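One structure is given here, and the rest of the page talks about it.
The values are calculated or read from the model by the stated rules, or taken from the named source; none is laboratory data. Since the model is a prediction, treat every value here as computed from it, not as a measurement. Positions of Cβ are generated from backbone atoms using ideal geometry, with glycine treated the same way; all protein chains shown enter the neighbour counts. The area values use the complete protein model at the heavy-atom level, side chains included, leaving out ligands, DNA and RNA. Shrake-Rupley method; radii C 1.70, N 1.55, O 1.52, S 1.80 Å.
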Amino acid sequence: MPITIVVGGQFGSEGKGKVTHWLAREQRAGYAIRVGGPNSGHTVIRNGSPVVLRQLPTPALTGDVVAVIPAGAYVSINVLLREIEEVGLQKDQLIIDPAAVVIDNTMRAEERDAGLIEAIASTGQGVGSAVSMRTMRRSSITFARDTTFLRRFVRFDLRDVFKDALARKQRVIVEGTQGFGLSVLHGGYYPYATSRDTSAAGALSEAGLSPRDVDCVALTLRAFPIRVGGNSGPLPCETNWEEVSHNSGAGRDLTEYATVTGRPRRVARFHEDIVAQAISVNCPDLLFVNHVDYFDYSIHGQTYLTFRAVREVHEMERRLACQIDHVGVGPSSIICRPESGWLDGYLAPKAQATVA
C-alpha cells in the first residue's frame, strides 16, 4: 500500500516541500503529486541555492521521479511553464490530469475585485475563484485538456498509470499545500482560510487516489508557526521577528518573507491547540518539526542538537503527548530521532542525520 501524504499542521510554510523532497528519496518514490495551486511556494535547496516551486512537486528536482499535476489542481500556465524550464523536465517526467483547471486573468481579477487581499490577506492568485467557478459548474472554465501549452503533458489514462504503479509497489508521494489551520472545512478560523481542505484526506481526494493504498501520513510543523502578513487571521502566542532573532542567538534578522507575495510573515511561539487538532484529524505516522534552530541558532545547518534545543523538543512532545520523529535545523537539514531518544543527539555530531 505505497502512498505517502505530506501535509502541514499549522498555518503553512511548515517545510512541506523540503520534507516531501527528502521522503521521496528515502522511500524511493516513483511518482510525486502536487495538489492545490500557485498560491503557495515550496522551497528546496539545490546546489546551495533555494528553488521555489509553486506548481511542481519538489521531488521533480531529483530527476528520477515523475511529477504529476492531478485533477484537483489549479494551474497557472505561466508559473508552471517557467518551473518546467527551470527544473529541466522532459515530456516523460511530467503528467497532467486532463481535468486540472487552468487559472485565467478573469479569476485573478475576481479575487482582487472581491477585496479578498485586504479582507483576509489572500495572495490573489485566482485559486479561490477557480474553485468557486468549478463548484458552480461554470461552462467558461478551461481545463488542461483544452490548453495547447499543456496538452503534450496531458495523460487520459492517469488512473491506469497509478493502478499499475501501485500494483508494482512503486511509491507515490502526495505533496500537500498550506496548513491545517487554513482548511476551509476543518481549520476553525473561517473566513480566514484558504479555498480548499488542507487535510491529508483533502489532498488524497484532489489526487484521485484510494485511502486503502495509504500507508504513511507525514505531518510537518514549525517550532515557530507563521501566518502570511496582513489581516490574515488569529495567530495564538504571536510575537515578532526581533524577539525570535534575539532569543535564538542568531546575531542577525531572521524575518521571513512570503514566497508568493513577498510580504513579511507574522510569527508566533509554538502553541499546541491547532497542532493537536491536526494530529487528531490526520493521524500522522511521522511528525516533522522544522525551524528548531530558532530555539538555538548554533545548530543551524548542523547534524546535532544542543541541550537547549533538546529541551525545547521534549517540551513540544510533552505538550502534544506524542513523539517527534524528525527535526529540521536549516533549509536543507533533517535530523532523525535516535532510537533511544533525542538526548543521544545532544552535542553528538555522530547522531543520525540526513541532508536533503
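List of remarks:
- Burial ranking of peptide ranges 137-150, 76-89 (average Cβ count within 10 Å, highest at the top): 76-89, 137-150
- Between the listed residues 297, 321, 286, the Cα displaced farthest toward the positive end of the dipole of the range 279-323, a dipole computed from Cβ unit charges relative to the Cα centre, is found at 321.
- Coordinate range of the alpha-carbon atoms in the range 236-356 per principal axis, descending: 40, 36, 24 Å.
- Relative to the longest principal axis of the Cα atoms of the chain, the long axis of helix 272-282 makes an angle of roughly 50 degrees.
- Looking at the chain, the DSSP beta bridges with both ends there are about 35 percent antiparallel.
- Protein-only accessible surface order, largest first, of 16, 91 at 1.4 Å: 91, 16
- Highest mean first, the peptides 21-34, 238-251 sorted by other C-beta atoms within 10 Å per residue fall in the order 21-34, 238-251.
- Across the chain, the volume of the C-alpha convex hull divided among the residues equals 128 Å³ per residue.
- Working from label points 7 Å from Cα in the Cα-to-Cβ sense, the residue 135 to residue 318 distance is 4.3 nm.
- Counted residue by residue at 0.36 nm each, then reduced by the alpha carbon distance between them, the extension gain from residue 307 to residue 152 reaches 50.5 nm.
- Stretch gain in nm, segment residue 213-residue 82, where the contour uses 0.36 nm per residue and the Cα spacing is subtracted: 43.9 nm
- Lys/Arg +1, Asp/Glu -1 at C-beta; the chain dipole; positive extreme among 122, 310, 55: 55
- The 1.4 Å probe gives accessible areas that order 216, 237, largest first, as 237, 216.
- When both the range 226-258 and the range 1-45 are represented by their alpha-carbon centers, they are found 23 Å apart.
- Dipole size of the range 1-95 about its Cα centre, with +1 on Lys/Arg Cβ and -1 on Asp/Glu Cβ: approximately 100 debye, rounded to the nearest 20.
- Taking each residue as 0.36 nm, the span from residue 106 to residue 64 lengthens on full extension beyond its C-alpha to C-alpha distance by 11.5 nm.
- Sorted largest first, the spans of the alpha carbon positions of the range 104-228 along the three principal axes are 49, 43, 22 Å.
- Near-label residues of the range 182-216 by backbone N, under 12 Å of a point 7 Å along Cα→Cβ of residue 119: 191-193
- Cα centre as origin, Lys/Arg/Asp/Glu Cβ charges: the chain dipole, Debye: 660
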